[in-house]
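Taking it in order: structure first as structure tokens, then the write-up.
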Amino acid sequence: MVGDGSDSERPGPRDLYRKLVLLTGIRLLVGTALLVATAVLSLGPEGFPRGVEAYLYWIIAGLYVASLISVVLLRQRRFLRGLAHAHIAADVLAATGLVYLTGGPESIFTILYPLAIVNGAIGLGRRGAILGASAASLSFCGLVWGLESGIIVPTATYLTHPTTSLPRLALIVVLNLSAFLLAGALSSLLADQLQGARAQLAERQTRLDKLEAMYSAIVKSISSGIVTVDEQGCITYLNRAGMEITGLTEQQAVGQRLQDAIPALTDALDRSTWTGRNRNEAILRGPDGRERVLGWAAARLAEGAHGNVIVFQDLTEFRRMEEAMRRADRLAVVGGLAAGLAHEVRNPLAAMCGSIELLSLSAALGDHERRLMQVVRSEGERLEGLVKDFLAFAKPASPHLAAVDAVPLVRETVEVFRREATLKGISLALDVDASVWLSVDANQIKSVLWNLLGNARDATDAGGRIAVRLKGQIGGLRAGHLR
């Protein structure tokens, strides 16, 4: 039972505080019971002698004073370890006093010594048990020796008795000391086991708290909604993502029936709808009136828990993107068909234009017929241009880059467009440098310039002016202004 009393075996301040509070309460109850018993016996026909009664009240007063001091120090949470040692001393002194008043070594109150040892073990563990057993042994031996040698006088004459024989006295002392040492050993062992059990419990509680915090963080951080329901279909948990998707708060959801709080997930209560790995879908109308597409899957809670868990996601944007992709695919198919049709129209159109060109060379045609031929030829060329533009839009050709002098290219395009501007009453001015070389596709840059001029014409009122400027600079082209 002997230990080294290392700091690792000592209880922590919080644990020691709780133990001292418990011991102080027990001491107050014992003092109160002793006070009531003393008062009842003192009022009886055979009361205590006045000397004994006075000593009893002094012991009771000492218990109350010690408890009061303990309460004051416990409220301040100061000197806790010293207070625990003082508790052991107070218990041993009180036990010694009662043994002295009630018959010495043969008193039935020697049972209080083991209780003091147990209290010491409760407060200070193994160290308290050793101190309690040592103090009890020394106090009891000192009291017996004092009474038998006559140094300590009994408090009343009825407590005097013939001198006990040495063998009997030795037996009494040995039995009591054995009881004290056995109580110290057992209480020390129990205190060690209790301390170890508390340490393991605290460690497991810490691990459980960390695990619970980690699980809670995982559930709160995932983007999918999670809702759990009990066997009656009432919501027991809704995570943060679920609140954002449904628009509900925890107070609005927990405790409510699933079909009332989230009607879109009502089918999740029917196990026949659980389709394994396939995800079910439902339409949820939120508090704002917007409809959301929910994809959900349900399963039974594991690890002996009762109820179901439902995991759901907001698929609204995903479904919108799918619809946009399907629409784009349909448009691509229509575009491909239109491009093929335009290509097929182009061949007979070219034959018609060629035939008209040959017919227009006939000398037998009159002026009226020639004008009609010219109209057909012009419209055919216009239709050929439209088909060509459509094909270029549907299947744009890869640019063929080459070094091109932009001055003649821009000048030619502007001169061709000048007629279009003149018809609307718009003047067209050109300001170009002597030579500006570009790395471009000549045909595509002409189309770009023509479209720019057309936009400028549409945005300019009659009597306005469109200015085209082309200026060269080191490293490339500084585009001119169109206005």
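Looking for something within 20 Å of Ala135 (Cβ to Cβ), small (Gly, Ala, Ser), open to solvent by less than 40 Å² (accessible area, probe 1.4 Å) and modelled with pLDDT under 80 - is there at least one such residue anywhere in segment 23-31?
yes
For segment 274-293, which residues satisfy the criterion of being closer than 20 Å to Cys234 by Cα and at pLDDT 85 or above?
Scanning segment 274-293 gives Ala282, Leu284.
Looking only at segment 69-106, which residues are farther than 20 Å from Tyr55 by Cα and either without any contact (Cβ under 8 Å) to a residue 40 or more places away in the chain or of a type in the set (Lys, Arg) (or both)?
Within segment 69-106, Ile69, Val72, Leu73, Arg75, Gln76, Arg77, Arg78, Phe79, Arg81, Gly82, Ala86 qualify.
Which residue is nearest to Asn176 (Cα to Cα), if the candidates are limited to segment 111-120 and must be open to solvent by 10 Å² or more (accessible area, probe 1.4 Å) and within 49 Å of the chain's Cα centre (by Cα)?
Restricting to residues being open to solvent by 10 Å² or more (accessible area, probe 1.4 Å) and within 49 Å of the chain's Cα centre (by Cα), the top hit is Val118.
Quick one: how many residues across segment 187-204 are free of Cβ contacts under 8 Å to residues at least 24 places away in the same chain and over 40 Å from the mean Cα position of the chain (by Cα)?
The total comes to 0.
With Leu301, Leu265 as the choices, which residue is in contact (Cβ under 8 Å) with a residue 60 or more places away in the chain and open to solvent by less than 90 Å² (accessible area, probe 1.4 Å)?
Leu301
Filter segment 239-273 down to residues that are at pLDDT 85 or above and touching an Asp or Glu at 6+ places or on another chain (Cβ under 6 Å), then give me how many there are.
Total meeting the criteria: 1.
Those residues that are open to solvent by less than 20 Å² (accessible area, probe 1.4 Å), without any contact (Cβ under 8 Å) to a residue 40 or more places away in the chain and of a type in the set (Gly, Ala, Ser), I need them from segment 55-68; list them, please.
none
Which of the residues that make up segment 443-462 are assigned to a loop (DSSP other than H, G, I, E, B) and open to solvent by 70 Å² or more (accessible area, probe 1.4 Å)?
Within segment 443-462, Asp461, Ala462 meet the criteria.
With the condition kept exactly as written, say whether any residue in segment 400-422 is exposed (fewer than 11 other Cβ atoms within 10 Å of the Cβ), assigned to a loop (DSSP other than H, G, I, E, B) and within 60 Å of the chain's Cα centre (by Cα).
Checked against the condition, which is being exposed (fewer than 11 other Cβ atoms within 10 Å of the Cβ), assigned to a loop (DSSP other than H, G, I, E, B) and within 60 Å of the chain's Cα centre (by Cα), segment 400-422 yields at least one hit.
Return yes when Ala434 is more than 60 Å from the chain's Cα centre (by Cα) and open to solvent by less than 60 Å² (accessible area, probe 1.4 Å) and no when it is not.
no
Can you find a residue in segment 277-284 that is closer than 24 Å to Ala217 by Cα and either open to solvent by 30 Å² or more (accessible area, probe 1.4 Å) or not small (Gly, Ala, Ser) (or both)?
No, segment 277-284 has no match at all.
Can you tell me which residue within segment 79-110, out of those that are in a helix (DSSP H, G or I) and more than 23 Å from Ile152 (Cβ to Cβ), is nearest to the chain's Cα centre (by Cα)?
Leu80
Take Gly123 and tell me if it is of a type outside the set (Ser, Thr, Tyr) and buried (at least 21 other Cβ atoms within 10 Å of the Cβ).
Judged against the criteria, Gly123 is a match.
If you go through segment 85-127, how many residues are more than 18 Å from Ser187 (Cβ to Cβ) and among the charged types (D, E, K, R)?
Residues flagged as more than 18 Å from Ser187 (Cβ to Cβ) and among the charged types (D, E, K, R) within segment 85-127 amount to 1.
I'd like to know if segment 336-352 contains one or more residues that are of a type in the set (A, V, I, L, M, F, W, C), open to solvent by less than 30 Å² (accessible area, probe 1.4 Å), in a helix (DSSP H, G or I) and more than 30 Å from Arg371 (Cβ to Cβ).
Scanning segment 336-352, I find at least one residue that is of a type in the set (A, V, I, L, M, F, W, C), open to solvent by less than 30 Å² (accessible area, probe 1.4 Å), in a helix (DSSP H, G or I) and more than 30 Å from Arg371 (Cβ to Cβ), so the answer is yes.
The values are calculated or read from the model by the stated rules, or taken from the named source; none is laboratory data. The structure displayed is predicted, hence computed values, not measured ones. Counting neighbours? That spans all protein chains shown, and the Cβs are built from the backbone with ideal geometry, glycine included. To get the accessible areas, we keep the full protein, side chains included, count just its heavy atoms, and leave off ligands, DNA and RNA. Shrake-Rupley method; radii C 1.70, N 1.55, O 1.52, S 1.80 Å.
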